[in-house]
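See below for the structure under consideration.
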């Protein structure tokens, strides 16, 4: 109703989903669902409860979680990703269930136990550029976390997040055994060093354009890119650039030669 008071509060919002979920379901629906339920029951849900998070809602492969503290959100995400990595030991890469996680601290709107607003949208977009098994956080979240947790961060510079008006500086939480992202930023204002071509065929699958009239179909195009990247990664004679690095070019007008220099690749696939 007009004039009705809107309930707001400051919160740390964690968005997570399973990388390559559609591909995993295509390979084996029953196995994927059983594994996902097991991970939720034994790793994810207990971790969220331990760090005082509130699961706002879940989708088939993802969830939205609210924390009162950015420190709690970060600790929770790191513990979940480390435990998931241990559980995936010995599992072929193409069969692993791996979460991507994004965290942002911002103002949210509360309505009937659901949450809305830029605080939620930014967390979801950061999740989209996180590595499978990784955590990407906003600069606002980084300011709340740094110095309070014994973890390292990689500055990936300003990121042009879909449907977010201004570029936002973001960071990857560096987990044990995980290399730093190949590309520090997708901002044209920040110089990235040119990478030398590797000694074997190198390829990057750049984000596909959604040619349909429905903006909501972007997820399908992104899923195809994920599937192709994962399939190419199984070919040992190829050097394949990670999905998160490729997606820093999403929605940008690019020059193939420049991208090749920045990523150190010679072959491109783009829809």
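The values are calculated or read from the model by the stated rules, or taken from the named source; none is laboratory data. Computed from a predicted model, the values in this text were never measured in an experiment. Quick reminder, even Gly has a Cβ in these numbers, built from the backbone with ideal geometry, and neighbours come from all protein chains shown.
Scan segment 111-119 and tell me whether some residue there is on the phi < 0 side of the Ramachandran plot and in a helix (DSSP H, G or I).
Our first condition is that a residue be on the phi < 0 side of the Ramachandran plot; within segment 111-119, this holds for 111, 114-116, 118-119.
Still in the running and in a helix (DSSP H, G or I): 118-119.
Checked segment 111-119: at least one residue is on the phi < 0 side of the Ramachandran plot and in a helix (DSSP H, G or I).
Matching residues to (1) surrounded by fewer than 18 Cβ atoms within 10 Å (Cβ to Cβ); (2) closer than 21 Å to residue 123 by Cα; (3) under 19 Å from the mean Cα position of the chain (by Cα); (4) in the same structural domain as residue 175 (by TED's automatic domain parsing):
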residue: 38; (1), (2), (3), (4): yes, no, no, yes
residue: 48; (1), (2), (3), (4): no, yes, yes, yes
residue: 73; (1), (2), (3), (4): no, yes, yes, yes
residue: 88; (1), (2), (3), (4): yes, no, yes, yes
residue: 95; (1), (2), (3), (4): yes, no, yes, yes
task: Could you pull out the residue among 198, 207 that is buried (at least 18 other Cβ atoms within 10 Å of the Cβ) and either assigned to a loop (DSSP other than H, G, I, E, B) or at pLDDT below 75 (or both)?
output: 207
task: Look at segment 50-71 and say how many of its residues are part of a helix (DSSP H, G or I) and buried (at least 19 other Cβ atoms within 10 Å of the Cβ).
output: 1
query: Which of the residues that make up segment 231-241 are surrounded by 13 or more Cβ atoms within 10 Å (Cβ to Cβ) and modelled with pLDDT under 70?
result: 238
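Quick grid of which residues meet (1) modelled with pLDDT of 90 or more; (2) farther than 21 Å from residue 124 by Cβ:
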position	(1), (2)
4	no, yes
12	yes, no
33	yes, yes
41	yes, yes
54	yes, no
57	yes, no
